1. Taking the Cα centre as origin and putting +1 on Lys and Arg beta-carbons and -1 on Asp and Glu beta-carbons, what dipole magnitude results for region 251-407, to the nearest 20 debye?
2. Rounded to whole Hz and in sequence order, give me ³J(HN,Hα) for region 367-382 from the Karplus expression 6.51 cos²θ - 1.76 cosθ + 1.60, θ = phi - 60°, writing x for Gly and Pro.
3. Please find the FRET efficiency linking S269 to E147, where r is the Cβ-Cβ separation and R0 is fixed at 25 Å, and quote it to the nearest 0.05.
4. Would you mind classifying region 316-368 by shape? Square roots of the alpha carbon gyration tensor eigenvalues, ordered a ≥ b ≥ c; an a/c under 1.5 is rounded, otherwise it is prolate if a/b is larger than b/c and oblate if not.
5. Principal axes first, then extents: for the Cα atoms of region 285-338, list largest minus smallest coordinate on each axis, whole Å, largest first.
6. Could you state the orientation-averaged shadow area of the convex hull built on the Cα atoms of region 145-200, in nm² to one decimal?
7. To the nearest whole percent, what portion of all C-alpha pairs in region 66-205 is separated by more than 26 angstrom?
8. Using +1 on the beta carbon of Lys and Arg, -1 on that of Asp and Glu, and nothing else charged, what's the dipole of the chain about the Cα centre, debye to 20?
Amino acid sequence: MDYNDQLDHALNRLHEEGRYRTFIDIERENGNFPHAMWRREDGTQTPISVWCGNDYLGMGQHPKVLAAMHEAIDATGAGSGGTRNISGTTVYHKRLEAELADLHGKESALLFTSAYIANDSTLSTLPKLFPGLIIYSDALNHASMIEGVRRNGGTKRIFRHNDVAHLRELLAADDPSTPKLIAFESVYSMDGDFGPIKEICDLADEFNALTYIDEVHAVGMYGPRGAGVAERDGLMQRIDIINGTLAKAYGVMGGYVAASHKMCDAVRSYAPGFIFTTSLPPAVAAGAAASVAHLKQDQELRERHQLQAKILKMRLKAAGLPIIDHGSHIVPVIVGNPVHTKKLSDMLLSEFGIYVQPINFPTVPRGTERLRFTPSPVHGAQEIDKLVKAMDKLWSHCALNRAELSA
């Protein structure tokens, strides 16, 4: 085999399908988010506004978060020094886990380097703890959940997205004595729709199944203390394992699961993704803990975030753009063609200084390619007005299905 030819073939296939991903060099400006600088290939810089970031609340620049990180790095240095089992557990990691357990009303929390690793490691470990476990997974679960379920070696059932009746059929068809777990999300990040948490919890009670919820796109933003949609709906205590991230609304990095002390202890003791991974730097843990603690108190910031999302959706609808609106903070505009989506993204950046990355297959199904906007409390009226006018102009005059975008 000619390995270089094979690599060329694989990459060319992505180019031909319009799915080749490119990175845009941007430099965030502390204290000025969502504004940033775009560094072009010729070295020149252009000011832009970021519309596709997951720092949903702007906490990545919050003074309390930065102060906590500076204090920790001055006290401890850069790295953690190893895995949690060897030398990588510090007071900062323990403090963060305590904050997260308190946030979700659970006995314990277990910190990972990302929510992806938390999902993958936990879901792939659970069959070791519960022999014969069947995992019932929503068809649109995140790739990290799919990977954890796929490689755990156990039995899985895939139920149609948010289809509680289909889930019931699958549960009823299996042996009542077999251990079961239902894995789903609270907010699905590509369409912005909500999972039927109460109905799933009711089925879990009826069929004696554990519940596992991914609250990655909800923690910090929903509920009176930011614990997520399950807290908002008064259902948090009915969930056995809660997965969350520190890299989105909390503005830092890392992921976690929150559960009973025994559950966290068992995952800690058996999950290779936890055991063999160097822990987060203490400064990152310190910043995340400060962010979690602050957002437990800052309901006003959450309300401003929801208001900005509602305003943006209302403006885009008024312009006649095909958005998906399930009532969450996520604002997808469906384009339906990977080449057109990339072209539109490029034109927004080069002509209007608006940065939003195209979302293509396999992240979303073919034919549903989109631009996914993530408004924040620091996207003001001026930024929203500029975005809506730019989208309206490109959609109307460049016509996604016309020659300019097909060129």
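1. 260
2. The phi angles translate into x, 10, 3, 7, 9, 10, 8, 10, x, 9, x, 9, 7, x, 4, 5 Hz.
3. About 0.70, to the nearest 0.05.
4. Because a/c hits 1.5 or more and a/b fails to exceed b/c, region 316-368 counts as oblate.
5. Largest first, region 285-338 extends 43, 27, 14 Å along its Cα principal axes.
6. 4.4
7. 37
8. 260
The values are calculated or read from the model by the stated rules, or taken from the named source; none is laboratory data. Just so we're clear, the structure is a prediction, and the values are computed from it rather than from any experiment. A quick note on method: Cβ atoms are made from the backbone with ideal geometry, for glycine too, and the neighbour counts reach across all protein chains shown. What goes into the accessible areas is simple: the full protein's heavy atoms, side chains included, and nothing from ligands, DNA or RNA. Shrake-Rupley method; radii C 1.70, N 1.55, O 1.52, S 1.80 Å.
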